[in-house]
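J.: Sharing a structure with you now.
What follows draws every value from the coordinates through simple rules; no lab data is involved. On a predicted model such as this, the values are computed, not experimentally measured, just so you know. Here Cβ is always computed from backbone atoms with ideal geometry, including for glycine, and neighbour counts include all displayed protein chains.
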Amino acid sequence: MTALEIAECMPIPMNFGGVQSSALGPAQRIDRLGSRWAFQFASVPMDLEPDGRRWGALFDQAEVEGGIFRIRQPGLNVGAPGLPLIAADTPLGRSLPLAGLTPGCVIRLGQWLSVIVDGQRYLDRAMEQVIAESDGTATVTIKYLIRSPMSEGDVVEIAVPKIEGSVDGAFGGGWGNDRTTSFSFTVREDA
């Protein structure tokens with residue numbers, strides 16, 4: 001069985017913060033811990049047998065156990081970012097100190113990355129462009145506040161970022177006389 005080919009993909013911010021208004025002063029942006037991402041995916045049509053049957057069974061399993069899905073970035077050439085890691089213990093904030101990057105590697109504004117902390121992936125995107133220093137270090141600002149303390153040596157997925165979480169949705173789109181089917185589903189980060 002081949003990888004699931006995706007026809008459409010849409011990020012959904014799950015932002016728990018907001019703007020607090022006041023009659024006596026300016027509005028103020030309040031960030032809250034726990035903001036995260038979800039993604040909606042739709043597959044290309046596939047033959048019902050055997051691919052539709054097999055993918056349907058895998059989605060049944062993912063609904064119970066969760067899933068991990070690659071976040072493709074069409075048109076973005078990530079290049080060879082090296083073997084990026086968290087460079088120092090980072091318990092909070094929104095800045096990720098990185099080491100192990102290829103010197104001169106560029107992490108672009110809006111580029112997705114994921115960090116594996118104690119076996120759990122956390123997805124986010126860069127809020128500015130940064131270029132790795134000659135020693136392979138850089139500091140990347142991400143959109144949401146860090147949800148789980150990160151430790152020196154935690155793996156950072158830049159070349160192939162992934163979202164991990166609960167999977168739900170209309171898994172089988174049914175089938176017609178042409179004996180094809182497709183799938184649509186949502187992956188929500190749980191942590």
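J.: Could you compute the net charge surrounding Arg94? Neighbours are other residues with a C-beta less than 14 Å from the C-beta of Arg94; K and R count +1, D and E count -1.
T.: Computed value for this residue: +3.
J.: On a full-extension model of 0.36 nm per residue, what is the gain between Gln61 and Ala3, subtracting their alpha-carbon distance, rounded to one decimal in nm?
T.: Gain on extension, Gln61 to Ala3, equals 19.3 nm.
J.: Here's something else I'd like to know. Amide H to amide H under 5 Å from Lys162: which residues, 5+ apart in sequence or cross-chain, H placed 1.01 Å off N in plane?
T.: Correct list: Ile71, Ser114.
J.: Just to check I understand the Karplus step: with θ = phi - 60° and J = 6.51 cos²θ - 1.76 cosθ + 1.60, what whole-Hz values come out for the range 176-185, glycine and proline as x?
T.: So the J values, rounded to whole Hz, are x, 5, 7, 6, 10, 8, 8, 10, 10, 7.
J.: Enumerate the whole-percent occupancy of each 10 Å bin, from 0 to the last occupied one, for all C-alpha pair distances of the range 4-79.
T.: 13, 30, 26, 17, 10, 4, 0
J.: A further question on this structure: Helix 53-65 versus the longest principal axis of the chain: what angle, 0 to 90°, nearest 10, using Cα atoms?
T.: 40 degrees
J.: Which whole-Hz ³J(HN,Hα) couplings does the range 147-157 yield from phi under the Karplus relation 6.51 cos²θ - 1.76 cosθ + 1.60, θ = phi - 60°, glycine and proline marked x?
T.: Karplus values, whole Hz, x for Gly and Pro: 8, 9, x, 9, 10, 3, x, 4, 6, 10, 9.
J.: Under 15 Å from the Cβ of Glu152, count the other residues' Cβ atoms, weight Lys and Arg +1, Asp and Glu -1, and hand me the total.
T.: -3
J.: So which GluC sites (Glu not before Pro) in the range 99-191 are both in a DSSP loop and have at most 12 other Cβ atoms within 10 Å of their Cβ?
T.: The qualifying sites are Glu128, Glu152.
J.: What do you get for trypsin sites (Lys or Arg not before Pro) in the range 12-82 restricted to DSSP loop and a cutoff of at most 13 other Cβ within 10 Å of the site's Cβ?
T.: Those that pass, being in a loop and sparsely packed, are Arg32, Arg72.
J.: Also: For n ≥ 4 DSSP H runs only, could you compute -39500 (n - 2.57) per run for the chain, divide by its residues and tell me the 222 nm figure to the nearest 500?
T.: After summing the helix terms and dividing by the residues of the chain, the value is -2000 deg cm²/dmol.
J.: Here's another thing I want to ask about it. So what's the range 82-160 giving for Rg/Rh, alpha carbon basis, Kirkwood Rh from the mean inverse pair distance?
T.: Expressed as Rg/Rh, it is 0.91.
J.: Expected output is a single nm value to one decimal: the length gained when fully extending between Val106 and Met14, i.e. 0.36 nm times separation in residues minus the C-alpha distance. What is it?
T.: Result for the pair: 30.4 nm of gain on full extension.
J.: Relative contact order for the range 73-191: what percent, with Cα pairs under 8 Å and sequence separation of 6 or more?
T.: 28 percent
J.: If Lys and Arg each add +1 and Asp and Glu each add -1, what is the summed charge of the other residues whose beta carbon sits under 9 Å from the beta carbon of Ser35?
T.: That works out to +3.
J.: Long-range amide H contacts for Ser151: which residues qualify at under 5 Å (H placed 1.01 Å from N, peptide plane, sequence gap of 5 or more or a different chain)?
T.: Placed amide hydrogens put Thr90 under 5 Å from Ser151.
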